[in-house]
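S.K.: Below you will find the structure I want to go over with you.
The values are calculated or read from the model by the stated rules, or taken from the named source; none is laboratory data. Here the structure is a predicted model, which is why all the values come from computation and not from measurement. Neighbour counts run over all protein chains shown; Cβ positions are idealised from the backbone, glycine included.
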Amino acid sequence: MKVGDITAVIEEFAPLGTQEQWDNAGLCIGSPEDEVHAVMVGFDCTPSLVREAAGRGADMIVTHHPLIFGGLRRIDPRDPVGEAVMLAVRSGIAVYAAHTNADKAPGGVNTLMAERLGLVEPEPLDESGLGWIGMLPAPMGGRDFCLMVKERFSLRSLRCSAPVEEVFRVATSCGAGSSFASQAFEEGADAFVTADVSYHRFFVPRGHMILDIGHWESEVDIVAKFVSLLRKKMPTFAVYTATQDNNNPIYYY
């Protein structure tokens with residue numbers, strides 16, 4: 001098996017060419033021609049995930065977030081990104097990410113959010129695919145909707161604007177998707193579920209509400225999706241789910 005065989009499976013599901021212009025999805029360490037004997041799948045490519053991959057004999061890592069995202073001016077082992085890069089190179093591990101292309105893919109991150117919420121016939125909010133919108137099976141009160149969201153996403157806490165009287169039409173955008181709030185409300189969403197919402201974004205039009213469930217919480221389902229895709233296409237190939245770094249890096253007390 002080669003790196004290119006693994007990436008082909010992921011990119012059939014989430015074509016690399018659909019990523020946002022500012023993104024850095026794809027292969028950031030290694031060559032498509034490198035031999036692969038096992039793959040480790042996780043959420044973020046952290047030093048501990050690379051160590052776990054090396055310890056389990058995986059010579060390729062697939063994550064949602066790209067290891068190298070912004071400009072990398074130096075590789076310093078005192079920095080988590082620099083340390084992960086050095087560990088991967090020294091261990092001969094290829095590193096690949098499917099990010100915004102997986103967010104917008106049918107069956108991708110936003111679709112998985114809609115499924116968790118039980119939305120009926122969800123569809124893209126616009127042509128970007130970075131937001132989705134659908135209906136609840138039945139209308140419910142705003143406070144009950146908040147409790148339902150907490151339960152569906154296993155949240156310890158939830159940030160939201162003032163609960164509205166009734167929620168029926170719901171929009172989602174995974175990760176830092178609050179820029180889609182205005183569009184969601186214009187399309188008739190009573191509630192918009194996203195993450196990384198800044199203070200001023202909570203001032204929403206009357207009759208609408210915005211909910212911040214957390215970045216990790218909104219996207220982590222994609223790890224299991226990647227594992228499922230790879231195991232379905234390559235049932236005899238070793239595909240591991242990371243145990244060390246599928247945990248939220250944000251702690252609540």
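S.K.: So which residues in segment 62-110 are within 28 Å of CYS174 (Cα to Cα), part of a helix (DSSP H, G or I) and β-branched (Val, Ile, Thr)?
M.R.: Listed by number, the residues that qualify are VAL81, VAL85, THR100, VAL109.
S.K.: Would you mind telling me which numbered condition in (1) within 24 Å of ALA138 (Cβ to Cβ); (2) assigned to a helix (DSSP H, G or I); (3) in contact with a Ser or Thr (Cβ under 8 Å, 6 or more places away or on another chain); (4) hydrophobic (A, V, I, L, M, F, W, C) LEU211 fails?
M.R.: That leaves (2) as the condition not met.
S.K.: How about segment 187-207: which of its residues are touching an Asp or Glu at 6+ places or on another chain (Cβ under 9 Å), farther than 15 Å from GLY134 by Cα and not hydrophobic (A, V, I, L, M, F, W, C)?
M.R.: ASP196, ARG201, GLY207
S.K.: Yes or no: MET113 buried (at least 24 other Cβ atoms within 10 Å of the Cβ), in a helix (DSSP H, G or I) and at pLDDT 95 or above?
M.R.: Against the criterion (buried (at least 24 other Cβ atoms within 10 Å of the Cβ), in a helix (DSSP H, G or I) and at pLDDT 95 or above), MET113 qualifies.
S.K.: Quick check, is ALA105 among the small types (Gly, Ala, Ser), surrounded by 15 or more Cβ atoms within 10 Å (Cβ to Cβ) and either within 22 Å of the chain's Cα centre (by Cα) or modelled with pLDDT under 95 (or both)?
M.R.: So ALA105 passes the test.
S.K.: Please find, among ILE250, ILE222, the residue that is of a type outside the set (Ser, Thr, Tyr) and at pLDDT below 95.
M.R.: Exactly one of ILE250, ILE222 is of a type outside the set (Ser, Thr, Tyr) and at pLDDT below 95, namely ILE250.
S.K.: With the condition kept exactly as written, say whether any residue in segment 230-253 is in a loop (DSSP other than H, G, I, E, B), touching a residue at least 12 places away in the same chain (Cβ under 8 Å), small (Gly, Ala, Ser) and loosely packed, with under 13 Cβ neighbours inside 10 Å.
M.R.: No, there is no match, as no residue in segment 230-253 is in a loop (DSSP other than H, G, I, E, B), touching a residue at least 12 places away in the same chain (Cβ under 8 Å), small (Gly, Ala, Ser) and loosely packed, with under 13 Cβ neighbours inside 10 Å.
S.K.: Somewhere in segment 226-238, is a residue among the charged types (D, E, K, R), outside the structural domain of ALA114 (by TED's automatic domain parsing) and either under 16 Å from ASP44 (Cβ atoms) or touching a strand residue (DSSP E or B) at 6+ places or on another chain (Cβ under 6 Å) (or both)?
M.R.: yes
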